[in-house]
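Here's the structure, in structure tokens; my notes come after.
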Amino acid sequence: MKYLAIVAALLFAGSAAALDCTECHEKVDLTVHQEAEATLATCNDCHGMSDAHTVDMELHTPELTITECADCHGMEK
Ligand code: HEC
Ligand code: HEC
Ligand code: HEC
């Protein structure tokens, strides 16, 4: 049920289901990240994200860009 609820939220409500990164982190400077062409596949080149977080690859694809992250996770400056 929980999984179905998340999928439904992704399809119909977008940001409603995703946690807000800024609850724990500084706001993300999107420009810096766009210039670096950051995608989910490259976050760990610069950050130890995988040490702290497990990103569910049924919900995410490696090509997601930082602006797409921000659409769902409310991380932007
Ligand atoms: C279409 C919406 C969507 C996009 C785009 C998206 N996410 Fe998510 N993300 C979710 C949902 C839904 C979850 C599962 C519920 C939750 O934990 O917020 C999740 C979970 C996560 C988690 C796990 C958080 C935790 O520790 O529990 C991380 C980290 C994460 N996403 C990072 C990213 C990053 C980085 C990007 C961009 C590369 C991204 N997400 C793009 C919707 C999205
Ligand atoms: C409940 C608190 C919490 C939330 C919400 C959270 N994080 Fe984290 N995150 C942490 C902790 C704790 C660490 C490990 C300590 C550190 O490096 O700051 C971490 C580490 C990271 C790192 C590596 C830091 C570095 O510079 O090496 C990245 C990148 C990251 N998180 C991204 C995200 C993204 C993207 C989201 C939103 C999807 C998110 N976090 C939501 C607590 C959180
Ligand atoms: C080319 C290197 C690079 C890449 C790739 C990159 N970042 Fe960053 N990121 C930085 C820099 C530089 C900062 C600002 C300095 C800092 O706070 O560490 C930053 C800051 C952040 C912060 C806020 C600082 C904090 O730790 O609270 C988050 C969250 C973050 N990045 C997430 C991501 C995510 C998610 C991805 C993958 C989509 C990503 N970054 C890819 C270089 C990068």
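The values are calculated or read from the model by the stated rules, or taken from the named source; none is laboratory data. A quick note: this is a predicted structure, and the numbers were derived from the prediction, not measured. Cβ coordinates were reconstructed from backbone atoms using ideal geometry, including for glycine residues, and neighbour counts include every protein chain displayed.
Taking the criterion of being closer than 17 Å to Thr67 by Cβ and among the small types (Gly, Ala, Ser), the residues of segment 22-53 that qualify are Ala36, Ala38, Ala41. The set of residues from segment 38-51 being touching a Pro at 6+ places or on another chain (Cβ under 8 Å) and either of a type in the set (D, E, K, R) or without any contact (Cβ under 8 Å) to a residue 24 or more places away in the chain (or both) comprises just one member, Ala41. The lone criterion from (1) more than 9 Å from ligand 1 (Cβ to nearest atom); (2) modelled with pLDDT of 55 or more left unmet by Ala13 is number (2).
Of all the listed residues (Thr31, Thr22, Thr61), the sole one being exposed (fewer than 12 other Cβ atoms within 10 Å of the Cβ), more than 10 Å from ligand 1 (Cβ to nearest atom) and either at pLDDT 85 or above or under 14 Å from the mean Cα position of the chain (by Cα) (or both) is Thr31. Among residues of segment 52-75 that are part of a helix (DSSP H, G or I), those with a Cβ under 7 angstrom from a residue that is loosely packed, with under 14 Cβ neighbours inside 10 Å and hydrophobic (A, V, I, L, M, F, W, C), sequence gap 6+ or separate chain, pair up as His73/Leu19.
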